[in-house]
Amino acid sequence: MTLATVDQDGRPHCRILLLKGLDAQGFTFFTNYQSAKGEQLAARPFAAMTFFWPTLERQVRIEGRVVKVTPEESDAYYQ
């Protein structure tokens with residue numbers, strides 16, 4: 001997926017990430033909190049993402065608020 005965030009000057013930044021999951025809570029991805037995207041999301045917890053859904057032959061675009069997973073989920077992923 002492509003994730004878009006904005007920096008402190010309002011400039012957009014996009015990068016490719018691995019979409020790890022989708023459930024009733026939303027979409028899940030992981031990142032280092034000290035990375036540029038992690039710091040941008042901490043300062044402005046909103047993002048946009050785009051990915052291609054081959055089965056539907058459609059591009060999916062999502063915009064919304066980003067929230068951290070639990071520390072346990074994060075630790076389990078990075079172990």
Among 1-7, 19-25, how do they line up by average Cβ neighbours within 10 Å per residue, starting with the highest?
1-7, 19-25
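Based solely on its DSSP helices, what 222 nm [θ] is calculated for the chain when runs of n ≥ 4 H residues each add -39,500 (n - 2.57) and the sum is averaged over all residues, nearest 500 deg cm²/dmol?
Computed mean residue ellipticity for the chain: -5500 deg cm²/dmol.
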Phi angles of region 29-42, converted by Karplus (6.51 cos²θ - 1.76 cosθ + 1.60, θ = phi - 60°) into ³J(HN,Hα) in whole Hz with x for Gly and Pro, give 9, 10, 8, 6, 5, 8, 6, 4, 5, x, 5, 5, 5, 5
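Just so you know, all these numbers are worked out from the coordinates, no wet-lab data involved. Just so we're clear, the structure is a prediction, and the values are computed from it rather than from any experiment. Glycine also receives a Cβ, built like all others from the backbone with ideal geometry; neighbour counts cover every protein chain displayed.
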